[in-house]
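Values in this text are rule-based calculations from the coordinates and carry no lab data. All of these numbers come straight from a predicted model, not from anything done at the bench. Don't worry about glycine lacking a Cβ; one is built from the backbone with ideal geometry, like all the others, and counts go over all protein chains shown.
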Amino acid sequence: MNPFEVIKTMRVTEKGTRQTEKYNQYTVVADRRATKGEIRQAVQELFKVKVLRVNTLNVRGKARRRRTPFAGRAPHWKKAIITLKKEDKISLT
């Protein structure tokens, strides 16, 4: 898979910011079919950093309803928490 297909976007949240400052961890949204190895390669190739560890989890989509009597569902997605070497950083600006 192409690295741009594997890594869809970065997640910027309050918890993620604390993880970045304290543990040098970043949260990304990955393709649901991507493996930990593919995610590791994609991050190293795109951001030119050394990845120590990749933790993944599948997040279920929430039930949604929008001004209609019919309920829907937000899509399922995969979250990957990337731990980098101490001296490496990813600039999000």
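Take the residues of the stretch 26-59 that are among the basic types (K, R), touching a strand residue (DSSP E or B) at 6+ places or on another chain (Cβ under 9 Å) and part of a loop (DSSP other than H, G, I, E, B): which is nearest to R11 (Cα to Cα)?
That would be R32.
Can you tell me which residue within the stretch 72-93, out of those that are charged (D, E, K, R) and surrounded by 14 or more Cβ atoms within 10 Å (Cβ to Cβ), is nearest to A34 (Cα to Cα)?
Going through the qualifying residues, I end up with K78.
Within the stretch 33-71, which residues are surrounded by 11 or more Cβ atoms within 10 Å (Cβ to Cβ) and polar (S, T, N, Q)?
Result: T35, Q41, Q44, N55, T56.
Looking at the stretch 51-64, I want the residues that are in contact (Cβ under 8 Å) with a residue 24 or more places away in the chain and have a partner that is loosely packed, with under 10 Cβ neighbours inside 10 Å with Cβ atoms under 7 Å, at least 6 apart or on another chain. Which pairs are those?
Listed by first residue and then by second, the contacts come to nothing, as the list is empty.
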